[in-house]
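Worksheet: the structure to be examined is printed underneath.
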Amino acid sequence: MTAFPVSDLTSSLRVAPGPIDLAAIDTDAAPGFDGDKDAGTEALLDKGPELADLQERLFADGKSGGHRNVLLVLQGMDTSGKGGTLRSTVGLVDPQGVRITSFKAPTDEERAHDFLWRITNALPSVGVIGVFDRSHYEDVLIARVRSFAEPDEIERRYDAINAWEADLVAKGTLIIKCMLHISADEQKKRLLARLDDPTKYWKFNPGDIDERELWPAYQEAYEIAIERTNTDVAPWHVIPADKKWYRNLAIGTLLHDALSSLDLDWPEADFDIEAQKKRLADEKPL
C-alpha cells in the first residue's frame, strides 16, 4: 500500500525523501493555500460535513466486517498546538468513532517492556480514527536529546518504528504523521500569553522553559527522525504552525484526503429490507 492521494495543499506539506532542513521551512507560511485567516477558517468548516460523512463510513465499515482504520500522529514542540488541532479538526467528526491518546512519561510497567508496547496497546480498533498526541516518536526525540537511551538503542528504534508502521499499514491502518513546525519566537509568545492569563496557568509548565534551552538539539532530533522514518507507506508532513488557522486547515485537509482515499461505500444490508418494512407496517399499536 502506498501513501494516500493528496490535494495540492497536503502535497506541499509532504516531506521529500532524503535529508530535511527544518530551518529552511517557513513556520509562518501557508503552503498550498492562497487565502487569509477568514478564508482558511471558512474552508475548514466547509469540510466539516464531508469529514463527518467520511468518518461515519469508516465507522460503519468497521462495524460490518471491515479492517480499515486511521492513525493520526501529532508531534511538535510545546505550544505547537496539538490540543488546538484536536478541537478544531477532529472535533468536526463524531467522537464515538475517535480514540485520542496523549502519551506522557512512561510508567514503570511501560518501561519494563519494549518502547512500542504501550503504543501498540493504544492503537485504534477497526473503523476508528486514532489520534496520538505525542507518540512513539518521543522515544527517538526526547530520548535522544536527554540521553534517556543509549545511542545504539536509539538507532535500533528507527528501524523498529519503520517495521512496526509497515506492519500496521499492511493490516489496514492508514497512518498520517504530522510535525507541527513552530518557531522559537512564536513559542515564546505563546508561553508568555499563558503567564498573562490566569485561565491558562494550568497549561504552563516551568520545564517548558528548560526545554527551550535545548531547541537546536530538538530540531536536529526531529530532522534525523523524520529522515529515517519518512517512508512511502507512512510519509511525514511538516505543518507550519505559527498560524493556528492554517495549522488546523492543513490537518483537516490531510484527514479529509486520507479518509477519501479509502473509497468506502456504505455497508449493504445483510437482511431482507422489504420484509423488515412489512413487519413494521403490520405491527400492532404499542
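The table below lists the values:
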{"item": "C-alpha center-to-center spacing [the stretch 197-270, the stretch 101-119] in angstrom", "result": "20"}
{"item": "Rounded to the nearest 20 debye, dipole of the stretch 54-207 from Cβ charges on Lys, Arg, Asp, Glu", "result": "560"}
{"item": "Estimated FRET transfer efficiency when R0 is 51 angstrom, pair Phe271-Glu155 (beta carbons, to 0.05)", "result": "0.40"}
{"item": "Globularity ratio of the stretch 1-155, using Cα Rg and 2.2 N^0.38 Å", "result": "1.19"}
{"item": "Debye log10 I(q)/I(0) for the stretch 213-286, one point scatterer per Cα, at q = 0.12, 0.17, 0.22 Å⁻¹", "result": "-0.62, -0.89, -1.11"}
{"item": "Additional length obtainable on full extension of the chain from Trp117 to Ala105, 0.36 nm per residue less Cα span", "result": "2.9 nm"}
{"item": "Surface accessible to a 1.4 Å probe, per residue, for the residues of the chain, Å²", "result": "51"}
{"item": "Kirkwood-based Rg to Rh ratio, the stretch 33-121, C-alpha trace", "result": "1.05"}
{"item": "Heavy-atom accessible surface of the chain: percent carbon and sulfur, 1.4 Å", "result": "51"}
{"item": "Overall Cα dimensions of the stretch 59-107, principal axis frame, Å, largest first", "result": "39, 29, 14"}
{"item": "Given Lys47/Lys104; Lys189/Lys243; Lys82/Lys189, the pairs whose alpha carbons are separated by over 22 Å", "result": "Lys47/Lys104"}
{"item": "For the stretch 133-163 and the stretch 30-84, distance of Cα centres in Å", "result": "27"}
{"item": "Dipole magnitude (debye, nearest 20) for the chain, charges at Cβ of Lys, Arg, Asp, Glu", "result": "700"}
{"item": "Reduced Cα scattering model of the stretch 109-155, Debye log10 I(q)/I(0), q = 0.18, 0.19, 0.26 Å⁻¹", "result": "-0.62, -0.68, -1.02"}
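The values are calculated or read from the model by the stated rules, or taken from the named source; none is laboratory data. Quantities reported herein were computed from a predicted structural model and do not represent experimental measurements. Counting neighbours? That spans all protein chains shown, and the Cβs are built from the backbone with ideal geometry, glycine included. Just the protein is used for accessible areas: all its heavy atoms, side chains included, with ligands, DNA and RNA removed. Shrake-Rupley method; radii C 1.70, N 1.55, O 1.52, S 1.80 Å.
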